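The values are calculated or read from the model by the stated rules, or taken from the named source; none is laboratory data. All values derive from a computational prediction rather than experimental measurement. When we count neighbours, we look across all protein chains shown, and the Cβ atoms used for this are built from the backbone with ideal geometry, even at glycine. Surface areas here come from the heavy atoms of the whole protein model, side chains and all, with no ligands, DNA or RNA. Shrake-Rupley method; radii C 1.70, N 1.55, O 1.52, S 1.80 Å.
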Amino acid sequence: MTAPSDAPTPHPPPDSDAVGHERGGGEPPTGEERAAQLLTAPKALSQLSLQEARVVAGYMVPAHFSEGTCFIREGDSADTGFMALVIRGEVIVENIIVSRTQPVTIAVLEPGSLIGEMGLLDSGPRSASCTAGTELFCAILTREALQALIAQNPAIGAKFLLAISARIAERLRETARKLRLYAKLAMAMQLEIDRIVRETPSGPGV
């Protein structure tokens, strides 16, 4: 993988194939090929062909995180310009919920998952924290590397952006569905509370 000029802080793994594959059994794909295969998986960007994904993977750099490392922190707006593709290991995604002081785990992500796509499109603060649940190997695409991809391979860059936008749009639709469900639950709870209040005797002698 070709490293862009300002790759994020995570350090590369000590062996060149660590980004790529599970060892053992047959001839494994290289790190870049493994990244391309995972990019085309249903949980990632299935709109891309394998050949297009290989081009995108060429702009990514490997990163290794030890278990317990928080590499994306909720609310951080200083280091947001990258997206990560999980190659090997697990990522714990956490949020600080209103009225709570401890984070709540909202997802555990496995190989083929994309993390932080919004960071490619804007510089807003991160919406969740991501911690390596195990030893973790990722492929990183920075905002600058994406700009280079668009300049050098505009057709593939445009298709990649459309695929990313479709993922974000689906996530927003899912959030909207959850909000509607929560609103219905809140309304049902309020109706039940009102009923209980009406039926509860009040006044002297109760």
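In terms of solvent-accessible area of protein heavy atoms at a 1.4 angstrom probe, what is the ranking of Thr40, Thr80, Thr200, highest value first?
Largest accessible area first, the list is Thr200, Thr40, Thr80.
Sequence-distant or interchain residues sharing an amide H contact under 5 Å with Thr69, placed H: which?
Ala132
In segment 74-129, carbon and sulfur make up what percent of the accessible area (probe 1.4 Å)?
Values: 1410 of 2700 Å².
Carbon with sulfur: 52 percent of the solvent-accessible area.
Could you check the simple spin-label distance between Cys70 and Ala151, using points 7 Å along Cα→Cβ, in nm with one decimal?
Calculated label separation equals 3.5 nm.
Enumerate the calculated ³J(HN,Hα) couplings along segment 117-126 in order (Karplus 6.51 cos²θ - 1.76 cosθ + 1.60, θ = phi - 60°), each rounded to whole Hz, writing x wherever the residue is Gly or Pro.
4, 4, x, 6, 9, 8, 10, x, x, 5
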